[in-house]
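Inspection log for the structure reproduced underneath, given as structure tokens.
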Amino acid sequence: MQALIEVILPVFLVIGFGYLAVWGKKFSDAGVDGLMKFTQNFAIPCLLFGAISTLDLKQNFDIALLGSFYGAAFLCFMAGLLGARLIFGRPWEDSVAIGFCCLFSNSLLLGLPITERAYGPDALEANYAIISIHSPFAYGLGITMMEVVRNRGGKPHVTALRVLKAMFSNALVIAILLGFAVNLGNLPVPVVVTDAVSLIGRAALPAALFGLGGVLYRYRPEGDLRTILYVVVISLVMHPTLVWIFGSANGLDTSAFRSAILTSAMAPGINAYVFANMYGVAKRVAASAVLIATASSILTVWVWLALLGH
């Protein structure tokens with residue numbers, strides 16, 4: 001109960017505040033769009049750049065950690081894709097978008113603040129290691145699969161160019177690559193720049209959580225309930241269970257194990273809807289899955305925290 005009150009509820013209260021503000025017409029849809037654009041294109045990229053540019057890559061870029069998390073994520077993507085196609089009879093394009101929902105856990109807006117509140121700021125290094133390749137991995141896999149199924153019989157080089165264009169138009173991917181360039185190249189960054197980046201980055205999580213509440217207000221669950229629940233179970237149960245199995249087998253230390261489990265236990269991020277909307281497929285499933293899984297994760301994350309001994 002203490003974990004629920006002290007760790008989880010404050011995060012969801014901020015989301016709920018955003019939800020109620022839009023519901024009560026105290027904050028407009030245009031305001032939500034502007035806030036999310038600020039966080040997705042500026043504040044969160046600054047947060048990621050600052051974290052990755054100073055991350056001790058030798059210590060935290062652990063193959064066992066990344067293999068445990070992303071091996072499980074890939075299996076969840078395939079379970080979502082094949083389940084949507086073979087069990088629910090969805091078109092291939094819909095199936096890829098549904099697989100992406102199962103793949104893209106909300107590592108930033110939920111994973112970071114919940115891990116920080118549970119185990120403190122020093123516990124976030126493994127989170128940042130996971131996040132550093134989250135967008136490149138997820139978008140790379142999702143975009144590649146979508147372009148393959150949409151261009152069946154087409155020219156491979158055309159598909160490759162579309163994948164690269166979509167990847168390198170993403171602000172998160174660009175910020176991550178710049179962070180790696182500074183870190184690996186040991187490039188000096190003026191203090192005035194790092195202070196400004198840090199200042200913007202500190203606004204990222206609270207603003208994004210508030211904005212997420214406003215976004216979720218728009219997407220009321222309707223139809224496709226079996227498919228939506230399938231996505232929720234894969235995201236909240238299957239993904240962290242697989243990470244638990246893989247992490248135990250790979251001998252992850254306690255801090256990395258906790259970060260991997262909590263990150264994988266998060267609901268699909270709003271990027272799941274962004275991806276579906278980008279291709280105009282399975283939008284209702286994506287939006288409703290984000291909403292229902294986010295609400296459900298209040299309880300499921302509590303369970304995972306209890307299992308982790310918090």
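The values are calculated or read from the model by the stated rules, or taken from the named source; none is laboratory data. From a predicted model like this one, the values you see are computed outputs, not experimental measurements. We place every Cβ from the backbone using ideal geometry, glycine too, and count neighbours over all the protein chains shown. When the accessible area is computed, the model is the full protein with side chains, heavy atoms only, and any ligands, DNA or RNA have been set aside. Shrake-Rupley method; radii C 1.70, N 1.55, O 1.52, S 1.80 Å.
For the range 65-141, what's the relative contact order in percent, using C-alpha pairs closer than 8 Å and at least 6 residues apart? Please report the intermediate quantities before stating the final value.
Values: 57 pairs, mean separation 22.4, N = 77.
Across the range 65-141, relative contact order equals 29 percent.
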_Among TYR119, VAL301, PHE61 the positive-end extreme of the charge dipole of the chain (Cβ point charges)_ = VAL301
_Of ALA287, ALA207, ALA73, the one that fluctuates the most in a GNM where the chain has Cα springs shorter than 10 Å_ = ALA207
*What relative contact order, as a whole-number percentage, does the range 79-124 give when Cα pairs under 8 Å and 6 or more residues apart are counted?*
30
*Considering only protein heavy atoms, with the full assembly of protein chains and a 1.4 angstrom probe, order TYR230, TYR139, TYR279 by accessible area, largest first.*
TYR230, TYR279, TYR139
_If I stretch the segment between PHE74 and LEU161 completely, what's the gain in nm (0.36 nm per residue apart, minus their alpha carbon distance), one decimal?_
29.0 nm
*Tell me, what % of the accessible area of the chain is carbon and sulfur with a 1.4 angstrom probe?*
66
*Would you please classify the overall shape of the range 171-274 from the alpha carbon gyration tensor, given that a ≥ b ≥ c denote the square roots of the eigenvalues, rounded means a/c under 1.5, and beyond that prolate means a/b larger than b/c while oblate covers the rest?*
oblate
*Could you name the aspartates and glutamates in cross-link range of LYS58, using Cα to Cα under 20 Å and dropping any fewer than eight places away on the same chain?*
ASP122, GLU125, ASP253
_Cα-projected label distance for THR194 with ARG218, points at 7 Å along beta-carbon direction, nm_ = 3.8
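Could you grab the relative contact order for the range 174-310? Cα pairs under 8 Å, six or more apart, rounded to a whole percent.
29
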*Surrounding net charge for ILE87, when Lys and Arg each add one and Asp and Glu each subtract one, Cβ distance under 15 Å*: +1
*Rank VAL243, VAL231, VAL191 by mean-square fluctuation in a GNM of the chain with C-alpha springs under 10 angstrom and give only the top-ranked residue.*
VAL191
*For the range 1-109, what is the accessible area per residue in Å² when the probe is 1.4 Å?*
44
*Label-point separation, LEU82 to ALA306 (7 Å along Cα→Cβ), nm*: 3.3
*Over the chain - Rg/Rh using Cα atoms and the Kirkwood inverse-distance radius*: 0.95
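Hey, if we sort PHE27, PHE100 by accessible area with the 1.4 Å probe, largest down, what's the order?
Details: PHE27 65, PHE100 0 Å².
Largest to smallest exposure gives the sequence PHE27, PHE100.
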*Tell me which aspartates and glutamates have Cα within less than 20 Å of LYS37's Cα, excluding those fewer than 8 residues away on the same chain?*
ASP29
*Which residue, ASP195, ASP33, ASP94, tops the fluctuation ranking in a GNM of the chain built on C-alpha contacts under 10 Å?*
ASP195
*Label-point gap, in nm, between ARG202 and LYS26 - each point 7 angstrom along Cα→Cβ*: 2.5
*Might you tell me the accessible area per residue for the range 162-232, computed with a 1.4 Å probe and given in Å²?*
55
*If R0 is 35 Å, what FRET efficiency do you get for SER248 and LEU13 from their C-beta distance, rounded to 0.05?*
0.60
